[in-house]
Amino acid sequence: MLDVTSKALFHGLAKIPTLQRLASKYGMAPGSGFARRFIAGESIAEAIDCVKDLPSKGLLLTLDYLGESVSSAAAAAAAADDYVRIIDAIVKSGIERNVSLKLTQLGLDVDKATAVDNMRRILEPADANGFFVRIDMENSPYTDATLDILDTLWRQGHRNIGTVIQSCLKRSPEDVRRLNVIQARVRLVKGAYKEPKNLAFQRKADVDAAYLELMHMLLDEGHYPAIATHDPDMIDATRAYAKSQGISNDRFEFQMLYGIRRDLQASLVKDGYRVRVYVPFGKQWYPYFMRRLGERPANVAFVLKGILSDQG
Ligand SMILES: Cc1cc2nc3c(=O)[nH]c(=O)nc-3n(C[C@H](O)[C@H](O)[C@H](O)COP(=O)(O)OP(=O)(O)OC[C@H]3O[C@@H](n4cnc5c(N)ncnc54)[C@H](O)[C@@H]3O)c2cc1C
């Protein structure tokens, strides 16, 4: 995780139209597009094709249809329609039935009720076909609403849903306790967004220490938590804690992002751990992609090399 200045830089860059145009021209070009390292394609067909060989490597998957910050009810309903079609395509393809989505893609900025209605429309075919649906966590203005919506859906009887907790947020121990009480599945992450000092730890050491504390809470009292990180220290600490507490490998899973630390994914599988790869796809890949660049300077060099070789 980079410091808050670098995160801010990339969140700023993500909003520059010229960069967006350049990226969409070259980023997902067939075969050589530099964003293809992190994005599985622009269509569901491309994404399914891309993930077909993951099971043979012992990897689990979740598909994320990229999109966020939708500002009209019509666009949110269209995103829900897309998700219903995606669910159908996943069922037909025979790949694992697991998706991740964002509530601002489903109208949370319009109002909570719109997002809940769209979630219900997605959960109907998802529940009927045995899907697990993970509600990604966005930045802190959405934390309360996301947890409330999960709660509402939970009370309405939806059990194949879960959400995400960010260790950078100071409130997270309380949120984990709340989710552990109902036994909702939690994915633990460090947090991808630039957050204010009063709400979030700014130093990597503090975010990491909080991550370890939350990992303990989830392994002790949570329900099948997902430890989502590429950080070898967090992974080693999880392995050691699980072992010391006699928690078997099938009571939790590791998760990593598509295209990141494939070596580590493979070595965890080899050691008998469950590893799920988060596979994003869709035309709206740019904000996601910029968050990944903001996490690691080496990725910028990788992308620039890609752009130059595409143009050359
Ligand atoms: C499956 C999954 C789902 C996620 N869902 C959410 C979510 O819903 N909400 C949210 O806020 N965040 C989410 N994130 C992102 C997360 O919050 C972090 O921003 C991201 O995972 C980087 O943190 P890290 O734990 O890998 O550790 P860091 O401390 O950032 O990195 C540790 C090491 O991992 C490697 N690494 C990390 N990032 C990259 C990268 N981009 N490219 C190459 N190497 C890298 C490097 O070797 C680095 O030294 C998710 C992450 C994963 C893995």
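The table below lists the values:
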| item | result |
| --- | --- |
| Within the chain, longest stretch free of exposed trypsin sites (Lys or Arg not before Pro) [DSSP loop, at most 16 other beta carbons within 10 Å] | 53-158 |
| Over the chain: Rg over Rh, Cα atoms, Kirkwood Rh | 0.94 |
| Listed residue pairs exceeding 25 Å between alpha carbons, taken from Lys57/Lys204; Lys102/Lys243; Lys170/Lys204; Lys52/Lys190 | Lys57/Lys204; Lys102/Lys243; Lys52/Lys190 |
| Dipole axis of the chain (+1 Lys, Arg; -1 Asp, Glu on Cβ), positive-most option in Ala89, Ile161, Thr229 | Thr229 |
| Aspartates and glutamates with Cα under 20 Å of Lys112, excluding same-chain neighbours fewer than 8 positions away | Glu68, Asp81, Asp82, Glu124, Asp136, Glu138, Asp144, Asp148, Asp151, Asp175 |
| Nearest-20 debye value, the chain charge dipole, Cβ charges on Lys, Arg, Asp, Glu | 560 |
| Modelled FRET efficiency - R0 25 Å, Arg121 with His223, Cβ distances, 0.05 increments | 0.45 |
| Nonlocal amide H pairs with His223, under 5 Å, H built at 1.01 Å | Val186 |
| Pairwise label distance in nanometres, Val91 with Asn198, each label 7 Å out on the Cα-Cβ vector | 4.8 |
| Cα-centred dipole magnitude for the stretch 124-167, charges only on beta-carbon of K, R (+1) and D, E (-1), debye, nearest 20 | 160 |
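Any read-out appearing in this document is the output of simple, stated calculations on the displayed coordinates, not a laboratory observation. Note that the structure is a prediction, hence the values are computed from the model and not measured. Positions of Cβ are backbone-derived with ideal geometry, glycine not excepted, and every protein chain shown enters the neighbour counts.
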